[in-house]
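Working notes for the structure below.
What follows is calculated from the coordinates using simple rules that are stated; it is not laboratory data. This structure is a prediction, so every number in the text was calculated from the model and none was measured. A quick note on method: Cβ atoms are made from the backbone with ideal geometry, for glycine too, and the neighbour counts reach across all protein chains shown.
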Amino acid sequence: MHDMDDRKLQILGAIVEDYVSTREPVGSKSLLERHELGVSAATVRNDMSVLEEEGLIHQPHTSAGRVPTDKGYRAFVDHVAMVKPLSAAEKRAIRTLLEDAGDVEELLARTVRLLAQLTQQVAMVQYPARRQARIRHVELVKVADSLLLVVLITESGRVDQRTVPVVAGRPAEYYAALRDQLNRAVAGREVTDLAAPLTDYLESLPVPERPAAAEVAEALTALAATRAEDRIMMAGTANIARSAEDFARDVEPLLDVLEEQLVLLRLFTEMHVSPGDVQVRIGSELHDRALHQAALVGAGYGAGSYLAILGPSRMDYAAGISTVQAIARYVSRFLE
């Protein structure tokens, strides 16, 4: 873009803005009618030809107008888009909604709903990297002679529980003592890092005591594994249906990607931005065929976690960037 002058960038910005708002290919006549470009129709047509030669816009075979390419959207984001600051009312609304969340789980749920509502895109948030997977407390409750309730509480405030049958049933006092011992062994550990401390604990017990404790350890491990897999919270998937025209025949593969989440986890893993900083990826930059007509606007929050919106490449980048950035900063502040 080093040889692209300001006027051509202004015209590119006008084309992107009009196409985003109308979903119709943009012609020189409509550009002159909608924007104060200060140049003649011939100059606009000439500049559009240059933009087309540069691969920033292209002409659909059904229309005389032009639409942006992924390269054009990238140039717009990098050189033209002006981030729209949120209004005082919008800031108050965000702060009010997020401030009275009871715990991190509720905070994230409110965050994705708010992001989806404000941007009309699919919103995603990754659980806090350092907090979502650390164990705060384990509770054991004997509910019947052969049934035990195993409760796992993480530092994010989330509570998971499972009722498990026990063959080697013991008195309630036994499970109270076992609970204390297990908490000494696993409290503060990542949910993905329980194998070693539980093995060490079981091996420290007298052989006759191991079967009863092993039943509980296995249930705890299974519960922790389920908790560890829950890494992304999502809202606004229905917004994809409203943008179906932008994805042509690629809506179903995109929905599969959203449902499976593996690709999304990889995208978050590849992001390297500080809390509050924004990264935009468009089309082929997302490295997945199902996402080649999509764009992702993501920001860091907390310590090494991310939130993002995903939608068609024909999205309002300026509004999306400002909203994602503002909410990421609020969430970071509340987590601190």
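A few remarks follow.
- Estimated inter-spin distance, ALA89 and VAL50, nm [label 7 Å along Cα→Cβ]: 4.1
- Part-to-part distance (alpha-carbon centres) for the stretch 311-336 and the stretch 18-66, which is given in Å: 29
- In degrees, nearest ten, helix 88-99 long axis to first principal axis of the chain (Cα): 20
- Between ALA222 and ALA42, the simple label model (points 7 Å from Cα in the Cβ direction) yields a spacing of 8.0 nm.
- R0 of 22 Å, Cβ-Cβ distance SER284-SER30: FRET efficiency to nearest 0.05: 0.15
- Nearest-ten-degree value, helix 251-260 long axis tilted from longest Cα axis of the chain: 30
- For the stretch 121-227, projected area of the alpha-carbon convex hull averaged over all directions, nm²: 7.3
- The alpha-carbon of LYS29 sits under 25 angstrom from the alpha-carbons of these lysines, leaving out residues fewer than 8 places away in its chain: LYS8, LYS71.
- Cβ-derived FRET efficiency at R0 22 Å, HIS61 paired with LEU255, nearest 0.05: 0.20
- For the stretch 234-336, the C-alpha radius of gyration divided by 2.2 N^0.38 Å, with N the number of residues, is 1.05.
- Ordering of 52-61, 276-285 by packing [mean C-beta count within 10 Å, highest first]: 276-285, 52-61
- Cα long-axis angle, helix 210-229 against the chain (0 to 90 degrees, to the nearest 10): 10
- Rounded if a/c under 1.5, otherwise prolate or oblate - the stretch 1-79, Cα gyration tensor axes: rounded
- The peptide list 139-147, 42-50, put in order of mean Cβ contacts within 10 Å with the highest first, becomes 42-50, 139-147.
- 15 Å beta-carbon shell around ALA42, net charge (K/R +1, D/E -1): +3
- Solution diffusion estimate, µm²/s, Stokes-Einstein, the chain, Kirkwood Rh from C-alpha pairs, 10 °C, viscosity 1.306 mPa s: 69
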